[in-house]
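A quick write-up on the structure given underneath.
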Amino acid sequence: MNEPKFRYMKDLPSARLLGSGTAMCAGCGGLQALHGIYDILGEKTVFINAAGCMTLLSVYPFTPFRGSWLYTSMASAPAGAQGVRDGLDILLEKKRISTEEDLEVVVLTGDGAAYGMGLSSTSGAIERDLDFLYICYDNEGYGNTGQQFSGATPHGARTATSKGPRGFTGFKKDLFSIWAAHRPAYVATIAGAEPLDLANKIEKARNLKGPRLLIAIAPCPTGWDYRPEDSVDIGKLAVRTGIWPLKEYIDGKVVHTKIPHPRLPVEEYLKRQGRFAHLFTPAPDTALIAEIQARVDGYWKGVV
Amino acid sequence: MKRTLLTGNSAAAWGARLADVDYVPAFPITPQTEIIETIAEWIDGGRMRSRMVTLESEHSMITAAGAAAATGVRVFTATSSQGLLYGMEMLYTVAGWRVPFVLVNVSRGLSAPITLEPDHNDVLAARDSGFLQIHCATCQEVLDSIILAFRLAEDKRVRLPVIVNMDGFYLSFTREPVEIPDTGSVRQFLPPLDAGDISFRASAPISQATAVLGGSPYSYFRYESHMAATNGLAVYDEAAESFAGLFGRSYGTVEEYRMEGAEIVFVMVGSFATKAREAVDRLRGAGRPVGLLRPRLLRPFPGKALRKLLAGRKGVMVIDQNLSMGKGGVLHMELASALYGHPDAPPVLTSFIGGLGGRDITPEEFYEMVAVTEKAIKDGSTPPPRLLYTKRELDEVRKLQAIANVERRETGKGE
Ligand SMILES: Cc1ncc(C[n+]2csc(CCOP(=O)(O)OP(=O)(O)O)c2C)c(N)n1
Ligand code: SF4
Ligand SMILES: [Mg+2]
C-alpha cells in the first residue's frame, strides 16, 4: 500500500487558498471541509454548484475561489459537470486550448441535492464514466431553506419539518453504498474535523480518473443547534462514536480508514446538539437512544 | 440546384451537421427522435465530427448544453413537448448564462391528455425564458433556420440561445424537397464559433451564473438579456439578408402572402399557415381581399414589422394553435399589445383557437373566420375568441362516450 502523502498536520498546506469573508455561518462545518479540500485541489478547478448554502459563496461580483465556478440548479450539477468536461475535452481534442488550460471539474452540492433531487443526474454521470469529482457537504437537511429534513437526516433529529416528540421518523439514506453500487473509480466519506484523513482522500481522488465522489459530514451550528465553536468537537465526536464511519470504496472494495476504538457512546454526540435535545429532556428517551446506539453497533459489527 | 427529399427531422439533422456543431447532448422523445438518431448515425459513420452524449433527462440535457456552450464550443440539441417542459427550469437558467446554442423543438401538444400530435403550447411555455424563437413552416426552412439561428445566437450583440420550432408530424415526418447547401457557403455564412470571453480556462478563472443579492443587480442582468434579445431583430435582418445573398432564399422576420391590397389578414405561425395559404388563394379567387402574415420570429417579437404590414387594414384574424386557459390565444394577445394605440392599426382583431393536438383547420373554417371578421368590421364590434370545433366532432366524442358507457354497464365494470 502507498504511503499517505500527509502523515502529520505539518504536512498539510499552511496557506489557505479559499478566501474569507463569505456569507456562510460562523462555525460552518461544511466550509471547514471545503477549505481542506480546496487547499489540496487548488485553483485549476471549476466548481459546479447546486442550490444550497454554498451557492452564497459566490455572490456577484465577488468570489472566494481562485479558480472557476458555475452555479447550475438544485438537480443538475452533475449534468453541468458533464457539459463542462465534454466542452473542455472537445477543445483539447481539437487543439483549441492547450493542456495547461485544462481544469478539474468538481461538483459541489449539499445533501438535499446529492441524496435526493440530484441523484438521477449523479447516477447518469457515473454511468457515463464522467471524469469528475463530486463533493457533497452533508449537513443532514435542507439547510439553505431553514433545515427541513432531507434524505440525509438521521433518525430522531428535530428539523423544521420534524418537530414532534420523536423528531425525524425516517432513516438516513446510505448514499455511500448507492454511489458505490455504480462501481465508480472512488467513493469516500470525510470530515473537516479529520484533516489528515480528508487530505489523503482528496489527494488520492485527485490522482484517479473517472467518477470520484466524496461525502463530507458538515456539522451545522445553525441547523443542528449548537454553538459555532463546538463544530470541530462535533465533527470529531461523529467519527469517534462511529456515527460517521470514515471509509473509502476503491477497486470494488470498501476499506475503513479510521476505526474508532474504543467507540464512544452515541449520547456523547447527540447530547451536544439542540436537534437531539428532546432525547434528553425533560426525561431521557432511553428507548430511542438505545435504538440509535444499536444501529451504530450493528453497522460496526459488520465491519470488524 | 439539386433537391433531396427530406423529413423535417432529417432537415434539422442536416442543419446541425452543416453548422459543424461540436457537441450534441440528447434525450429521446417522439417526434424528435429521428433527429438524434440521424446525428448518431453520422457520428458513428465518421460523417460528422461531433461528440454526442445521451443524458438521463432533458433537465440534464439542457444543463449540459448550456455548460458546454459556456466553455466555448458550438452546441446543438433537440427535444419536444414534455421534454421541453421537463427542462423548463434550465431553459430560463442557461439563457441567463448568456451562452449561444441552438435547440430544435418539435412541437407536440402537452399532457394532459397526452398526445403525440402538434400544437404550440410547448414552445410558448418557453416564451419568456430568454431563448429567442424561430418558427418554421417547411422542411427547407427548418434546415436554413438552424444555420441562421447559430449566426443569430453567436452574434456578440445577442449571445442568447435560440429555439428553432417545427410542428411534429406535419413537418417532422413529412418529406419535402430540400436543397442542402454546400459546406463552403455555409462556412462563409457561419464561420467557426468565435466564443470571445465565453470560456473556462486555467489561465482565466471566471465565476459564471453567480447569485445576486437584491433586486438591483438582478434587474441589471434581466434588463441586459432583454436588450440583447431586442438587438436580435436587427441582427436577424442582417443575417437573413446575407443568407439570401448566398443561398437565394429570403426569410424575413414576418413572411407575407398575398398582402397586396389585402383588407383582412390572417396571422398565424408554423406549418398550419400552409393551410391558410390555400384558403387565401381560394378567397382571392372569389374576389375577396384576403392576405396572410406568418411571423417567423416570435422572440424577439417583430412588433414594428407587423405594425407596418398591418397599417391601414380593416381587420386581422389571429389563429392561435395554443390556448392559455382562462384567457385565449397567446399570439392574439401579443399582436394586440403591438397594435393597440397606433393610429393606423386595424380596428378589428378577431381571435380563433385551432389546430390543438394536430386537429385540422378546414377550408370552410377559414372562410367562416373571414365571414365573422367581415361582420365585426361592419358592426364595429369584435366578437369573443372562438374555439374551432364542429358539431360533427362534438357528436363523435359524445357517441364514443355513450359506447364506452354501454360497454361499462354490460361488462359490469361500472357497478
Ligand atoms: C428546484 C428547486 N426546488 C427547491 C429549491 C429551494 N432550495 C434551495 S436550497 C435548498 C436546500 C438544498 O439542500 P442541500 O442540498 O442539503 O444544501 P444546503 O442548503 O443544506 O446547503 C432548497 C430546497 C431550489 N433552489 N430549486
Ligand atoms: S446553515 Fe449550516 S451548512 Fe449552511 S452555512 Fe450555516 S452552518 Fe453552514
Ligand atoms: Mg443540506
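Can you say whether A:PRO78 is away from ligand 3 (no atom under 16 Å from the Cβ) and within 17 Å of the chain's Cα centre (by Cα), as far as the supplied structure shows? So A:PRO78 fits the description; yes.
Out of curiosity, is B:PRO302 within 30 Å of B:GLN188 (Cβ to Cβ) and not polar (S, T, N, Q)? Even if it seems obvious, please write down each step before you answer.
Values: within 30 Å of B:GLN188 (Cβ to Cβ): yes; not polar (S, T, N, Q): yes.
So B:PRO302 fits the description; yes.
Of all residues in the range A:34-47, at least one satisfies being closer than 22 Å to B:ALA95 by Cα, more than 12 Å from ligand 1 (Cβ to nearest atom) and not basic (Lys, Arg). Between A:LEU17, A:LEU88, A:LEU56, A:LEU70, the distinction of being facing chain B (nearest Cβ under 9 Å) and in contact with a Gly (Cβ under 8 Å, 6 or more places away or on another chain) belongs to A:LEU70 only.
Can you tell me which residues in the range A:91-104 are part of a loop (DSSP other than H, G, I, E, B) and either more than 7 Å from every other protein chain (Cβ to nearest Cβ) or at pLDDT below 95 (or both)? It would help to see each step written out before you state the result.
Of the range A:91-104, the ones part of a loop (DSSP other than H, G, I, E, B) are A:94-98, A:102-103.
Hits for the range A:91-104 are A:LYS94, A:LYS95, A:ARG96, A:SER98.
Examine the range A:153-174 for a residue that is over 18 Å from A:GLN273 (Cα atoms), away from chain B (no Cβ under 12 Å) and of a type in the set (Gly, Ala, Ser), and state whether such a residue exists. Yes, some residue in the range A:153-174 is over 18 Å from A:GLN273 (Cα atoms), away from chain B (no Cβ under 12 Å) and of a type in the set (Gly, Ala, Ser).
To keep it simple, each residue is scored yes or no on (1) within 16 Å of ligand 2 (Cβ to nearest atom); (2) farther than 18 Å from A:ILE250 by Cα.
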site: A:GLU127; (1), (2): no, no
site: A:ALA157; (1), (2): yes, yes
site: A:SER162; (1), (2): no, yes
site: A:PHE176; (1), (2): no, no
site: A:THR189; (1), (2): no, no
site: A:LEU198; (1), (2): no, no
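Answer yes if at least one residue in the range A:105-113 is over 16 Å from the mean Cα position of the chain (by Cα) and part of a loop (DSSP other than H, G, I, E, B), and no otherwise. Within the range A:105-113 (the criterion being over 16 Å from the mean Cα position of the chain (by Cα) and part of a loop (DSSP other than H, G, I, E, B)), the answer is no, since none of the residues qualifies.
Can you confirm whether B:ARG51 is within 14 Å of chain A (Cβ to nearest Cβ) and more than 22 Å from B:PHE131 (Cα to Cα)?
Values: within 14 Å of chain A (Cβ to nearest Cβ): yes; more than 22 Å from B:PHE131 (Cα to Cα): yes.
Here the answer is yes, as B:ARG51 does meet what is asked.
Listed by first and then second residue, the pairs linking a residue in the range B:199-226 that is more than 7 Å from every other protein chain (Cβ to nearest Cβ) and under 21 Å from B:PRO100 (Cβ atoms) to a residue that is in a loop (DSSP other than H, G, I, E, B) and of a type in the set (Asp, Glu), with Cβ atoms under 9 Å apart and 6 or more places separating them unless they lie on different chains, are B:ALA204/B:ASP197. Scoring A:PHE149 on the criteria (1) facing chain B (nearest Cβ under 8 Å); (2) out of contact with any helix residue (DSSP H, G or I) (no Cβ under 9 Å at 6 or more places or on another chain); (3) aromatic (Phe, Trp, Tyr) leaves a single failure, condition (1). Within the range A:4-31, the set of residues being more than 14 Å from ligand 2 (Cβ to nearest atom), in a helix (DSSP H, G or I) and surrounded by 10 or more Cβ atoms within 10 Å (Cβ to Cβ) comprises A:MET9, A:ASP11.
The residues of the range B:380-407 that are among the small types (Gly, Ala, Ser) and modelled with pLDDT of 95 or more, listed by number, are B:ALA402, B:ALA404. Within the range A:73-85, the only residue that satisfies the criterion of being of a type outside the set (A, V, I, L, M, F, W, C), more than 7 Å from chain B (Cβ to nearest Cβ) and in contact with a helix residue (DSSP H, G or I) (Cβ under 8 Å, 6 or more places away or on another chain) is A:PRO78.
Those strands (runs of 3 or more DSSP E) of the range B:283-341 in which 2 or more residues are touching a residue at least 40 places away in the same chain (Cβ under 8 Å) and touching a His at 6+ places or on another chain (Cβ under 7 Å) occupy B:315-320. In summary, strands (runs of 3 or more DSSP E) completely within the range B:73-184 and bearing 1 or more residues that are within 16 Å of the chain's Cα centre (by Cα) and more than 24 Å from B:ALA40 (Cβ to Cβ) occur at B:132-135.
The values are calculated or read from the model by the stated rules, or taken from the named source; none is laboratory data. Here the structure is a predicted model, which means the values were calculated and not measured. All Cβ positions, even for glycine, are placed from backbone atoms using ideal geometry, and neighbour counts span all protein chains on display.
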